[in-house]
Amino acid sequence: MNVPHSDNDLATMKFGVGQPVPRGEDPTLLTGQGCYTDDINVDGQAYGYVVRSQYAHGLIRGVDAAAALRMPGVLAVYTAGDLDRAGFGSIRCVVPFKNRDGSDMHKPERPGLARDKVRFVGDPVAFVVAETAVQAKDAAEVVEVDIDPLPAVTDAAAAAAASAPRLYDDVPNNICLDYHYGDREAADSAFDQAAHVTRLTLRNNRVVVAAMEPRAAVADYDPATDRWTIRVGSQGVFGLRNMLANHVLGVPVENVHVITPNVGGSFGMKGTPYPEYFGLFHAAKQLGRPVKWTDERSGSFVSDHHGRAHDVTAEMAFDEEGRILALRTHTYGNVGSYLSSVSPQPSTLNAVKNLVSVYATPVLDVNTQCVMTNTSPVSSYRGAGRPEANYYVERLLDTAAREMGIDRLEIRRRNHIRAEQIPYQAPSGMTYDSGDFPAVFEKAVTFSDWHGFEARRAESKARGKLRGIGMSDYLEVTGPPGKEMGGLRFEDDGTVTIITGTLDYGQGHWTPFAQLLHQRTGIPFERVRLVQGDSDELIAGGGTGGSKSMMSSGGAIIEAADVMIENGRQIAAHVFETAVADIEFSEGRFTVAGTDRSATVMELADRVRSGITLPADGPQSLDVNLEHTTGPSAFPNGCHVAEVEVDPDTGVVTVVDYSMVNDFGVVVNPLLVEGQAHGGIVQGIGQALMEEVRYDGDGQLVTGSFMDYAMPRADSAPLFRYDSHPVPCTTNLVGAKGCGEAGCAGALASVMNALVDALAEFGVTHIDMPATPETVWRAIHRR
């Protein structure tokens, strides 16, 4: 980063907390100088290619690789038997959920290559290795896989029926988890006594993650040290290393080295191990050379974890004044053919934590059946239960307002948790520590010019368009407690490296982390570097997910900075030949109290590097390595307002105006935070209006490319209007609440509520996502 050097930044706080500092890595990435996994090439590497099942369900009778092995450049073809004989483990679900009867959930483990049965189109069956990528692909095309097809089922509710094809003999009715949370008796009583009950059947449509960078990996094995190295896109090298060592390779964690370079998007999808890594590891050891694999986009569509995929019946009970008495959901959560490490969590625990949102809800009753189907595995996707929970509640409130004859704004006002009720103990088990939900709401009403909407509706109507406005309050539960590394290393070149275990896959961690350190210590902003993607550097690391990076790594940086300052006071006392009690630290400078004798952090670091002798019983450097314990969850919240126009002749929906007010607590870098909100909103618009994975009756993926799977583009969204109403979080050192997933949480319901409002004159009271032009056109003409 080419920034003029200055040690006087602290005086102006040009790079301090709250300043909109541009991302430091952008010049590198935008000029094509970034290093992604596919950019990495290791001397002597071979190339792998995966042979995938063309059937959604079937028995494997045999794999014939003879023709492939005779092709030019082919080094090996591996099948499940090879991996089993080599002692490889499996991919496992690690969340400890119980069924409603107290029994353990069913957790079938996933092998690296299918053994006796394939369970979805794309299931890996063989791994081909050759001298070049083209040779590996050509050979894969002649590997003959003999499969006896079986009936397939792709719909979760259908898969749970007694007559459905069964994916696993030991998973009855394909239900791997029958989950319940809440007080059923209290909920039944509330619904029985309610003055009004609103019920909706809602689809949380399955989506392809479609990260800009497809998955790729390069694996190597060193027989001299019995050590494995994998360079791979991930969301946290520390956690991935542990899973690979413990579950896949069965070796001590110190025998595995995970390196993640730049990552071109993940949104949850690259967070856990994948079966392709088994073949890479095995080939690297057997062949004695590195092996590289890069997925093609067509492979990504079938092999990457998908997102969402829930079918929900949601019910809300009200008293005669429109106040919520209870909320109940019944969900079929489609987890696909195999379980990832956290597959059941979005439709169960995450839904529970987020359903209450910003509303005083006395009783909660959540019922979910996680069902296995002959489809690509489903796992975390931006928000992972948070956006959909908010979507269900906001659609219920809009529908209830219409049914009860209450204004849409008023029904929300009557149910908001008030500022004086915080800390608020929600029936989800969460304690809201901070927030002013009514204030955020009223600010959004004014900011969006809600009351001036009818004039805009009339103007649209004059042009032959239908215009609607929709609101969505939201609240997310982010940043669960955990451990995070706080590391500071003063380098010989005069820079300072932050070492922490979150991982930047597009968020821009370097800049706000440097801002925090700069403000706390006075270390010049431009001298700060960041290391996240090397497991050998870490002593802890929770990875990036759940909108927690600033809370966890930010807290770790603050704690490490404070330890560094205390160590610096001891070193400064020795340098200035005075007592530690006489050393003061302020504005980045160690000073002997009552004198003009002082040194900045960097000057003191220079003295240490010069080789001065320090007391043996004190710190020997300013370096810090510590394990930070993160605080309880935080609760970012906000209110989004969307306006849409509908062309009644074509059914095309356009989002024409979008405004938002968010409470993200302390905002370290407002420029980056607003950008995160924009990205999340566009993903929400994509799910609401166009994105959907579809399978045919045989389990074949119908939407297998960007020719038949629609993605939002720049013209899918208007220029966003952003405002903030921050209430600092009290449970972490930064005071931040997390922002990465909030855009999705606000977008789904605000857009869909606006669409239903636009179609109200045709008697439309609900429409499911995705509201494609065909769907909207049919809804109009059906009425």
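For the range 235-266, the set of residues classified as assigned to a loop (DSSP other than H, G, I, E, B), among the aliphatic types (A, V, I, L, M) and buried (at least 23 other Cβ atoms within 10 Å of the Cβ) consists of Val263 only.
Within the range 483-492, the set of residues being in contact with a strand residue (DSSP E or B) (Cβ under 8 Å, 6 or more places away or on another chain) and either without any contact (Cβ under 8 Å) to a residue 24 or more places away in the chain or open to solvent by 20 Å² or more (accessible area, probe 1.4 Å) (or both) comprises Lys483, Arg489, Phe490, Glu491.
Close Cβ contacts (under 7 Å, 6 or more residues apart or on different chains) running from residues in the range 623-639 that are farther than 27 Å from Ala745 by Cβ to residues that are open to solvent by less than 10 Å² (accessible area, probe 1.4 Å) and assigned to a loop (DSSP other than H, G, I, E, B) comprise Glu627/Ala540. So is Arg231 more than 23 Å from Tyr49 (Cα to Cα), open to solvent by 30 Å² or more (accessible area, probe 1.4 Å) and not in a helix (DSSP H, G or I) or not? No; evaluated as a whole, the condition is false for this residue.
When the range 379-406 is filtered for residues that are open to solvent by 10 Å² or more (accessible area, probe 1.4 Å) and of a type in the set (Val, Ile, Thr), only Ile406 remains.
Determine whether the range 506-518 contains at least one residue that is more than 23 Å from the chain's Cα centre (by Cα) and farther than 21 Å from Pro20 by Cβ. Scanning the range 506-518, I find no residue that is more than 23 Å from the chain's Cα centre (by Cα) and farther than 21 Å from Pro20 by Cβ, so the answer is no. Report yes if Leu622 is open to solvent by 20 Å² or more (accessible area, probe 1.4 Å), under 29 Å from Thr500 (Cβ atoms) and out of contact with any Cys (no Cβ under 6 Å at 6 or more places or on another chain), otherwise no. Answer is no for this residue. Restricting Val667, Val655 to those that are on the phi < 0 side of the Ramachandran plot, assigned to a loop (DSSP other than H, G, I, E, B), surrounded by 21 or more Cβ atoms within 10 Å (Cβ to Cβ) and β-branched (Val, Ile, Thr) reduces the list to Val667. Those helices (runs of 4 or more DSSP H) of the range 399-513 in which 1 or more residues are under 30 Å from Gln620 (Cβ atoms) are absent.
The residue that is modelled with the lowest pLDDT, among those in the range 771-783 that are open to solvent by 10 Å² or more (accessible area, probe 1.4 Å) and not in a helix (DSSP H, G or I), is Arg783.
Screening the candidates Val145, Val134, Val153 for the property of being hydrophobic (A, V, I, L, M, F, W, C), in contact with a strand residue (DSSP E or B) (Cβ under 6 Å, 6 or more places away or on another chain) and either open to solvent by 40 Å² or more (accessible area, probe 1.4 Å) or assigned to a loop (DSSP other than H, G, I, E, B) (or both) yields one hit, Val145. Taking the criterion of being farther than 30 Å from Glu25 by Cβ and at pLDDT 95 or above, would at least one residue in the range 475-497 satisfy it? Yes, the range 475-497 contains at least one residue that is farther than 30 Å from Glu25 by Cβ and at pLDDT 95 or above. Before we move on, is Thr272 of a type in the set (Val, Ile, Thr), in a loop (DSSP other than H, G, I, E, B) and open to solvent by 10 Å² or more (accessible area, probe 1.4 Å)? Here the answer is yes, as Thr272 does meet what is asked.
Does Glu454 count as out of contact with any strand residue (DSSP E or B) (no Cβ under 9 Å at 6 or more places or on another chain), open to solvent by 10 Å² or more (accessible area, probe 1.4 Å) and at pLDDT 95 or above? Considered against the rule, which asks whether it is out of contact with any strand residue (DSSP E or B) (no Cβ under 9 Å at 6 or more places or on another chain), open to solvent by 10 Å² or more (accessible area, probe 1.4 Å) and at pLDDT 95 or above, Glu454 comes out as yes. Among the criteria (1) at pLDDT below 95; (2) open to solvent by less than 20 Å² (accessible area, probe 1.4 Å); (3) of a type outside the set (A, V, I, L, M, F, W, C), the one Gly48 does not fulfil is (1). The residue pairs whose first member lies in the range 207-221 and is crowded, with 21+ Cβ neighbours inside 10 Å, whose second member is polar (S, T, N, Q) and part of a loop (DSSP other than H, G, I, E, B), and whose beta carbons are closer than 8 Å, counting only pairs six or more residues apart or on different chains, are Val208/Thr703; Val209/Ser266; Val218/Asn41; Val218/Gln45. Comparison of Arg529, Arg569 shows that the only residue that is of a type in the set (D, E, K, R), open to solvent by 10 Å² or more (accessible area, probe 1.4 Å) and not in a helix (DSSP H, G or I) is Arg529. Applying the criterion of being of a type outside the set (Lys, Arg) and in a loop (DSSP other than H, G, I, E, B) to the residues of the range 116-131, the residue that is surrounded by the fewest Cβ atoms within 10 Å (Cβ to Cβ) is Asp116.
The set of residues from the range 735-770 being under 19 Å from Asn669 (Cβ atoms) and surrounded by fewer than 24 Cβ atoms within 10 Å (Cβ to Cβ) comprises just one member, Gly735. Being more than 16 Å from the chain's Cα centre (by Cα) and either acidic (Asp, Glu) or part of a strand (DSSP E or B) (or both) is a property that Glu185 has. Per the conditions (1) in contact (Cβ under 8 Å) with a residue 24 or more places away in the chain; (2) in a loop (DSSP other than H, G, I, E, B); (3) surrounded by 13 or more Cβ atoms within 10 Å (Cβ to Cβ), the sole criterion not satisfied by Thr578 is (1).
When we screen Gly542, Gly464 for residues that are at pLDDT below 95 and open to solvent by 30 Å² or more (accessible area, probe 1.4 Å), the only hit is Gly542. Scanning the range 87-121 for residues that are in contact with a Ser or Thr (Cβ under 8 Å, 6 or more places away or on another chain) and aliphatic (A, V, I, L, M) yields Ile91, Val94, Val95, Leu113, Ala114, Val118, Val121.
The values are calculated or read from the model by the stated rules, or taken from the named source; none is laboratory data. Predicted, not measured: the structure shown is a model, and the values here were computed from it. Backbone-built Cβ (ideal geometry, glycine too); neighbour counts: all protein chains shown. Keep in mind that these areas ignore ligands, DNA and RNA; they rest on the heavy atoms of the full protein, side chains included. Shrake-Rupley method; radii C 1.70, N 1.55, O 1.52, S 1.80 Å.
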